[in-house]
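Since the structure comes first, as structure tokens, the remarks are kept for the end.
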Amino acid sequence: MIDAGHGGKDGGSVKNHLIEKKLCLDVAKRVENGLKSSGLKTVMTRRTDTFVELDQRARMANRVASSIFVSIHFNSSRRTSVAGTEVYYRSARGKSIATAISRSFKARVAGGSRGILYGDFKVLRETQMPAVLVECGYISNKREALRCADPAHRQKLADAIVLGLLAIRAR
């Protein structure tokens with residue numbers, strides 16, 4: 001289950017000429033393509049620039065048996081020096097997925113990883129399957145925003161997420 005964060009009336013963060021909702025959808029579609037090419041079935045919470053309530057995202061996910069929920073976002077901070085990816089989890093199974101994705105980011109993506117963190121986000125709290133929320137970088141950081149604006153970098157982010165998920169599957 002792939003959740004492209006924000007959408008429609010909810011643009012998410014808007015920094016350095018980037019709009020989070022657009023980046024989220026782009027990376028989510030890239031993750032979907034990567035998982036499908038590996039033979040996995042995928043479901044998306046949104047495929048276009050539409051608004052989907054958080055509880056509706058969780059309900060959609062809960063209807064998909066034997067799945068993993070991956071919510072894709074980009075971050076922002078008042079401290080413009082902050083950079084790097086982060087992966088949030090809420091359950092023990094979510095933590096193992098977050099760890100695999102974080103390791104994959106560290107090995108494959110410029111900009112570094114800030115690691116894994118416990119998060120009590122609604123989409124993690126209300127989903128019944130293992131779930132993670134992936135922050136693909138800080139668009140408030142000018143250097144990282146330039147990377148995130150590059151489609152090749154967004155492909156690297158998506159590839160790292162896919163390879164992290166596949167590493168969990170291989171266990």
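Yes or no, residue by residue, for (1) buried (at least 16 other Cβ atoms within 10 Å of the Cβ); (2) without any contact (Cβ under 8 Å) to a residue 40 or more places away in the chain; (3) in contact with an Asp or Glu (Cβ under 9 Å, 6 or more places away or on another chain); (4) not in a helix (DSSP H, G or I):
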{"site": "CYS24", "(1), (2), (3), (4)": "yes, no, yes, no"}
{"site": "LYS36", "(1), (2), (3), (4)": "no, yes, no, no"}
{"site": "GLY39", "(1), (2), (3), (4)": "no, yes, no, yes"}
{"site": "THR42", "(1), (2), (3), (4)": "yes, no, yes, yes"}
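Could you look through segment 125-134, keep only residues that are buried (at least 21 other Cβ atoms within 10 Å of the Cβ) and within 19 Å of VAL31 (Cα to Cα), and pick out the one that is nearest to the chain's Cα centre (by Cα)? Top of the filtered list is VAL134. Condition test on ALA98, is it among the aliphatic types (A, V, I, L, M), more than 16 Å from ARG154 (Cβ to Cβ) and loosely packed, with under 15 Cβ neighbours inside 10 Å? Considered against the rule, which asks whether it is among the aliphatic types (A, V, I, L, M), more than 16 Å from ARG154 (Cβ to Cβ) and loosely packed, with under 15 Cβ neighbours inside 10 Å, ALA98 comes out as no. The number of residues in segment 67-109 that are assigned to a helix (DSSP H, G or I) and out of contact with any Asp or Glu (no Cβ under 7 Å at 6 or more places or on another chain) comes to 16. Applying the condition of being assigned to a loop (DSSP other than H, G, I, E, B) and buried (at least 20 other Cβ atoms within 10 Å of the Cβ) to segment 1-12 and asking which residue is farthest from the chain's Cα centre (by Cα) yields GLY12.
Each residue in segment 112-127 was checked for being on the phi > 0 side of the Ramachandran plot and at pLDDT below 95, and 1 of them qualify. Of all the criteria given as (1) within 21 Å of GLY111 (Cα to Cα); (2) among the small types (Gly, Ala, Ser); (3) more than 12 Å from the chain's Cα centre (by Cα), the one not satisfied by SER66 is (1). Does ALA98 count as over 19 Å from SER13 (Cα atoms) and without any contact (Cβ under 8 Å) to a residue 60 or more places away in the chain? Yes: the conditions hold for ALA98.
In the set VAL109, VAL82, only one residue is crowded, with 17+ Cβ neighbours inside 10 Å and at pLDDT 95 or above; that residue is VAL109. Of the residues making up segment 47-66, just one is surrounded by 20 or more Cβ atoms within 10 Å (Cβ to Cβ) and either part of a loop (DSSP other than H, G, I, E, B) or of a type in the set (D, E, K, R) (or both), namely ARG57. Among the criteria (1) in contact with a Pro (Cβ under 6 Å, 6 or more places away or on another chain); (2) assigned to a loop (DSSP other than H, G, I, E, B), the one ASP120 does not fulfil is (1). Only one of the numbered conditions (1) part of a helix (DSSP H, G or I); (2) β-branched (Val, Ile, Thr); (3) in contact with a Phe, Trp or Tyr (Cβ under 8 Å, 6 or more places away or on another chain) is not met by VAL31, and that is (3).
Across segment 128-156, the number of residues qualifying as assigned to a strand (DSSP E or B) and either at negative phi or hydrophobic (A, V, I, L, M, F, W, C) (or both) comes to 7. HIS73 passes every criterion in (1) under 13 Å from the mean Cα position of the chain (by Cα); (2) farther than 16 Å from LEU23 by Cβ; (3) touching a residue at least 60 places away in the same chain (Cβ under 8 Å) apart from (2).
The values are calculated or read from the model by the stated rules, or taken from the named source; none is laboratory data. Note that the structure is a prediction, hence the values are computed from the model and not measured. Neighbour counts run over all protein chains shown; Cβ positions are idealised from the backbone, glycine included.
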